[in-house]
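Notes for the one structure printed next.
The values are calculated or read from the model by the stated rules, or taken from the named source; none is laboratory data. This is a predicted model, so every value here is computed, not measured. Glycine also receives a Cβ, built like all others from the backbone with ideal geometry; neighbour counts cover every protein chain displayed.
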Amino acid sequence: MTHGQTVPVIIDCDTGVDDALALLFAVRHPGLDLRAVTCVAGNTDVAGVVRNTLTVLEQAGAPDIPVAGGGGRGPRPAGPPPPPPPHVHGHDGMGDLGLPAPRRTPADVDAVTLLRREILASPRPVTLVPTAPLTNIALLLRTHPEVTRNIERIVFMGGAAGAGNATAVAEFNVWHDPEAAAILLTAGVPITMYGLDVFTRVVVPGADVRRLRASTEPGTRLAGELLAHRPATPGSRPDDPAEDAGGLGDAGALCAVADPEGLTTHRLPVEVSLAPGPTRGQTVVDRRPRVGESEIHGDAREQPLVDVGLDVDVERYVRLYLGTVERTKA
Ligand code: BDR
Ligand code: CA
């Protein structure tokens with residue numbers, strides 16, 4: 001944030017328990033101006049993502065922010081797309097919390113059209129925050145490359161410098177549409193990668209989650225319910241005090257927009273592995289201090305430089321998140 005001005009933000013998500021946490025934060029943070037939300041299949045199908053997104057905005061008491069649905073899963077080399085993971089996000093994609101159907105309705109344009117419209121209409125360059133498979137963003141960049149002139153930065157949740165989650169080396173959002181992720185990385189705008197290396201670390205303690213759940217304010221209570229659905233420590237016992245603790249997940253990427261100082265990044269070459277086989281969808285982050293044999297023998301390829309999040313101030317982001325969702329925007 002600069003000079004007290006709010007940061008215009010657009011989120012592209014697959015709501016999604018942790019996408020919902022991200023939306024709640026963006027709506028309530030006084031320094032963020034959430035101008036649109038676009039939806040893509042991922043944690044559930046795109047109709048479910050749109051419904052969940054509208055529900056969250058309504059529960060949060062957000063102003064009338066346009067929401068539009070977009071792409072399905074990108075082309076995959078082997079067969080139909082994988083089913084959504086109900087063990088992570090529930091059967092409705094948002095934790096099966098039994099929330100009422102939203103009264104709000106989506107915009108009558110598709111996601112790519114809405115993205116283009118809102119990016120170009122913004123009085124100041126937009127920070128784009130994808131927290132989902134990157135299909136919509138790649139389509140936008142390929143179809144309407146002129147949008148990059150009004151994009152300040154893309155801060156995306158995806159990828160990993162270390163271990164993956166969808167596969168041993170690939171993170172879910174990149175693995176769902178690796179070609180789209182490769183297009184994003186070469187967009188020619190500054191990019192921050194909020195990958196699994198930091199994503200899994202920001203966990204809200206159980207006592208705080210219990211306080212949020214007891215709130216009478218619907219948005220705050222929803223944050224508590226969502227966090228309680230996020231396993232902080234897989235395999236922990238029911239009587240474990242850490243049991244109610246919940247990871248911020250995608251919401252951490254929004255914390256990195258509101259408070260970039262809390263994230264330690266290194267500007268590094270990153271390439272997405274597109275070949276079929278065990279590395280497909282891996283974000284190959286080159287952390288070597290100097291060139292190696294491959295470059296010495298003339299194999300050097302031009303690779304995009306990305307600000308890769310490698311460390312995070314956990315306490316700072318937990319405090320920021322709680323302080324934001326427990327207030328209502330003035
Ligand atoms: C990503 O996968 C999804 O399940 C989460 O919403 C997050 O965006 C983490 O790999
Ligand atoms: Ca997500």
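Any chance you could count how many residues in the stretch 1-38 are hydroxyl-bearing (Ser, Thr, Tyr), surrounded by 24 or more Cβ atoms within 10 Å (Cβ to Cβ) and more than 12 Å from ligand 2 (Cβ to nearest atom)? Of the residues in the stretch 1-38, 1 are hydroxyl-bearing (Ser, Thr, Tyr), surrounded by 24 or more Cβ atoms within 10 Å (Cβ to Cβ) and more than 12 Å from ligand 2 (Cβ to nearest atom).
Pairs linking a residue in the stretch 39-56 that is farther than 18 Å from residue 110 by Cβ to a residue that is away from ligand 1 (no atom under 13 Å from the Cβ) and part of a loop (DSSP other than H, G, I, E, B), with Cβ atoms under 6 Å and 6 or more positions apart or on different chains, are 55/99; 55/102.
Name the single residue, out of those in the stretch 11-38 being touching a residue at least 60 places away in the same chain (Cβ under 8 Å) and away from ligand 1 (no atom under 16 Å from the Cβ), that is farthest from residue 327 (Cα to Cα).
Result: 36.
Of all residues in the stretch 155-181, exactly one satisfies the criterion of being surrounded by 23 or more Cβ atoms within 10 Å (Cβ to Cβ), among the β-branched types (Val, Ile, Thr) and away from ligand 2 (no atom under 13 Å from the Cβ), namely 155.
Criterion first (farther than 30 Å from residue 268 by Cβ, modelled with pLDDT of 95 or more and within 16 Å of ligand 1 (Cβ to nearest atom)) does residue 135 satisfy it? Answer is no for this residue. Looking at the stretch 107-132 only, could you name the residues that are within 16 Å of ligand 1 (Cβ to nearest atom) and in contact with a Gly (Cβ under 6 Å, 6 or more places away or on another chain)? Listed by number, the list holds a single entry, 132. Filtering 167, 148, 192 for residues that are more than 14 Å from the chain's Cα centre (by Cα) and either farther than 27 Å from residue 280 by Cα or not in a loop (DSSP other than H, G, I, E, B) (or both) leaves a single hit, 148. Return yes when residue 107 is part of a loop (DSSP other than H, G, I, E, B) and within 16 Å of ligand 2 (Cβ to nearest atom) and no when it is not. Here the answer is no, as residue 107 does not meet what is asked.
Among the residues of the stretch 188-222, those that are free of Cβ contacts under 8 Å to residues at least 60 places away in the same chain and either within 16 Å of ligand 1 (Cβ to nearest atom) or of a type in the set (Asp, Glu) (or both) comprise 196, 199, 200.
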